[in-house]
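Inspection log for the structure reproduced underneath, given as structure tokens.
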Amino acid sequence: MRKTNFIVAILLTVSTAIFAQKTFTLSSNDLGGEMTINEEFNGFGCTGENISPQLSWVNSPEGTKSFAVTMYDPDAPTGSGWWHWLVFDIPSDINELVSGAGDIKSGLAPKTAIQSITDYSMSGYGGPCPPEGHGLHQYIITVYAIKTDTLGLNQSTNPAVVGYYLWNNTLAKASIIAYYKREKKGE
């Protein structure tokens with residue numbers, strides 16, 4: 001019992017320190033009330049419209065020169081998760097991606113933003129498509145405040161390399177977790 005109480009005390013102290021200053025925060029108007037993703041991928045057996053959610057962020061730290069956004073499913077049965085969206089080189093004066101911005105052909109993303117390849121082997125947003133009956137999957141959507149104007153990468157850069165550059169250039173990050181599952185047919 002002491003160990004549990006000690007952990008709770010540490011968490012309360014940390015959250016008090018965090019809330020004393022403006023917190024870099026990510027939100028979405030498109031995710032359901034219980035943070036559910038309402039639209040799935042179109043392919044791999046899924047039949048959704050593949051529309052990326054609206055995202056907005058506030059209180060980026062001083063020194064932010066650009067932003068990046070990722071969406072990752074750690075529950076994918078791959079041993080390494082699944083990268084659904086990687087967009088970077090978003091100018092520092094932008095604080096929102098509108099719904100559908102993950103469709104490269106739509107032109108809805110900021111002009112300088114680069115959307116690199118996902119684990120679907122395509123550039124742009126690839127929505128949820130977990131295996132049927134695999135249960136609820138988490139989709140971690142993260143915005144990164146970056147200390148450089150660009151990451152120096154391109155549209156064909158793979159998720160591991162993008163992650164490495166994000167790790168080396170991030171001033172702060174904010175995440176939200178959304179959920180999605182596919183029922184087995186006939187259930």
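Let's see how each residue does on (1) buried (at least 19 other Cβ atoms within 10 Å of the Cβ); (2) of a type in the set (Asp, Glu); (3) within 14 Å of the chain's Cα centre (by Cα); (4) more than 19 Å from residue 139 (Cβ to Cβ):
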residue: 44; (1), (2), (3), (4): no, no, no, no
residue: 66; (1), (2), (3), (4): yes, no, no, yes
residue: 73; (1), (2), (3), (4): yes, yes, yes, no
residue: 82; (1), (2), (3), (4): yes, no, yes, no
residue: 92; (1), (2), (3), (4): no, no, no, yes
residue: 103; (1), (2), (3), (4): no, yes, no, no
residue: 106; (1), (2), (3), (4): no, no, no, yes
residue: 113; (1), (2), (3), (4): yes, no, no, yes
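Would you call residue 77 in a loop (DSSP other than H, G, I, E, B) and under 29 Å from residue 59 (Cβ atoms)? Here the answer is no, as residue 77 does not meet what is asked.
Just one residue in the set 173, 185 is farther than 17 Å from residue 39 by Cα and either at pLDDT 95 or above or assigned to a helix (DSSP H, G or I) (or both); that residue is 173. Residues considered: 125, 179, 120, 164. Of these, the only one that is of a type in the set (Ser, Thr, Tyr), outside any loop (DSSP other than H, G, I, E, B) and buried (at least 16 other Cβ atoms within 10 Å of the Cβ) is 179.
When the test is whether a residue is surrounded by 14 or more Cβ atoms within 10 Å (Cβ to Cβ), aromatic (Phe, Trp, Tyr) and either modelled with pLDDT under 95 or touching a strand residue (DSSP E or B) at 6+ places or on another chain (Cβ under 7 Å) (or both), residue 24 passes it. Among residues of region 46-63 being part of a loop (DSSP other than H, G, I, E, B) and over 18 Å from the mean Cα position of the chain (by Cα), the one that is modelled with the lowest pLDDT is 48.
Quick check, is residue 6 over 23 Å from the mean Cα position of the chain (by Cα), aromatic (Phe, Trp, Tyr) and either more than 30 Å from residue 133 (Cβ to Cβ) or at pLDDT below 50 (or both)? Yes; evaluated as a whole, the condition is true for this residue. Taking region 131-152 as the range and being under 24 Å from residue 68 (Cβ atoms) and assigned to a loop (DSSP other than H, G, I, E, B) as the test, the residues that pass are 147, 148, 149, 150, 151, 152. When you check residue 111 against the structure, is it touching a Gly at 6+ places or on another chain (Cβ under 7 Å), on the phi < 0 side of the Ramachandran plot and of a type in the set (Lys, Arg), yes or no? No: the conditions fail for residue 111.
The values are calculated or read from the model by the stated rules, or taken from the named source; none is laboratory data. Computed from a predicted model, the values in this text were never measured in an experiment. Here the Cβ is made from the backbone with ideal geometry for all residues, glycine too, and neighbour counts use every protein chain on show.
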